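Below: one structure, written as structure tokens.
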Amino acid sequence: MDHPFEAIPFLVIFLLLMVRDIININDFIVLVEEANADTVIIDSCKFDEPLIAVAFYGSGNVHLSMNYGQQKAAYDNTKGLAISFYADATVDCVHTVSPDKPLECILIATSPKNLENLPNGEGELFTDFLNQLVNPSEAYVEGPRFFMTPEMEQIVGNIFKNKYEGKAKMMFFRSQITALLSHFFWQLSTLDSQDIKTPERDKLFQAKEILSQNLDKPPSLAQLSRQIGLNTFKLKKDFKELFGVPVFKYLQNERMATAHHLIRSKKATVQEAAWHVGYDSLSSFSNAFNKKFGFRPSEIKA
């Protein structure tokens, strides 16, 4: 497979703290991007051939816009999002990176012409679950999207924390990407069983955003229920069904992920990070952090 990213005209890279890996795994191209900026920066790219892709967004919460012709598909609050799509060479993929919304993205892509050559029947998975992308009707077609399960988030986090080099790095990426795609297609197979109606989904996304924006002083379950206009039973039940974790497990995951980012990027001391995510006790914060990641916040290396 020819390299589909060689012609990407990335803009203003010199203004970004950018880490980018491009890896060939069988007939997949894997692009791992991580970027921080001190000001608002536009990172724009195009592909040099049509691609079917799945993008997994880490804790950065960057803004994404897919521009094609006179149309645009925009995505806010991308943190934890898995989105599948088809894009041809006319589609402009635009990330808006800012100090409070850095970029963390893993893109797994393949050319439609290579589907029959994918090993282990993987091409059939694309045909079965992503048929609208295999047979696109426009320059850009969005496929299924959902917020990742905790298992998927863990894999994405492991990829961004990778320290391997050389052949060991390739072995690590191959195993993680295979696992990530396996979880993605398994999740697709369960989506049909979810019968949460669109108005309720919108309220659940609103609840998720309220929690994300109030890590230091989150509302109680009753307060959150009143804010979004959904009773507490439905909130607890449907939140777990849609996002894969209970309400306050999600809150705890967000707290720890945010604290990890603040400390790792040297935007806050351990004590400041603890306060930022709502912990008055440093020892309680350190214990919760260790339970989540398996190491203390003081052990983070930038």
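The values are calculated or read from the model by the stated rules, or taken from the named source; none is laboratory data. Here the structure is a predicted model, which is why all the values come from computation and not from measurement. With ideal geometry, Cβ positions are generated from the backbone for all residues, glycine too; neighbour counts draw on all protein chains shown.
Note on region 253-271: residues that are assigned to a loop (DSSP other than H, G, I, E, B) and either touching a Leu at 6+ places or on another chain (Cβ under 8 Å) or crowded, with 20+ Cβ neighbours inside 10 Å (or both) total 1. Looking only at residues in region 272-287 that are closer than 21 Å to Gly60 by Cα and not aromatic (Phe, Trp, Tyr), the one that is surrounded by the fewest Cβ atoms within 10 Å (Cβ to Cβ) is Glu272.
Please verify whether region 140-160 includes one or more residues that are within 16 Å of Leu51 (Cα to Cα), touching an Asp or Glu at 6+ places or on another chain (Cβ under 7 Å) and assigned by TED's automatic domain parsing to the domain that holds Ser175. Scanning region 140-160 turns up no residue that is within 16 Å of Leu51 (Cα to Cα), touching an Asp or Glu at 6+ places or on another chain (Cβ under 7 Å) and assigned by TED's automatic domain parsing to the domain that holds Ser175.
For the criterion of being over 17 Å from the mean Cα position of the chain (by Cα), in a loop (DSSP other than H, G, I, E, B), of a type outside the set (Asp, Glu) and at pLDDT 85 or above, Thr78 fails.
With respect to the stated conditions, Ser84 fails to be in the same structural domain as Val30 (by TED's automatic domain parsing), surrounded by fewer than 19 Cβ atoms within 10 Å (Cβ to Cβ) and not acidic (Asp, Glu).
Kindly establish whether Asp92 is under 23 Å from the mean Cα position of the chain (by Cα) and modelled with pLDDT of 90 or more.
Judged against the criteria, Asp92 is a match.
Of all residues being hydrophobic (A, V, I, L, M, F, W, C) and buried (at least 17 other Cβ atoms within 10 Å of the Cβ) in region 186-210, which is modelled with the highest pLDDT? Just the residue, please. Result: Ala207. Within the set Phe185, Phe233, Phe173, Phe243, the sole residue that is assigned by TED's automatic domain parsing to the domain that holds Trp275 and touching a residue at least 12 places away in the same chain (Cβ under 8 Å) turns out to be Phe243. For region 95-123, a tally of residues being modelled with pLDDT of 85 or more and of a type in the set (D, E, K, R) returns 3.
Scanning region 230-250 for residues that are among the aliphatic types (A, V, I, L, M) and surrounded by 20 or more Cβ atoms within 10 Å (Cβ to Cβ), we see that the one that is farthest from Asp216 (Cα to Cα) is Leu230.
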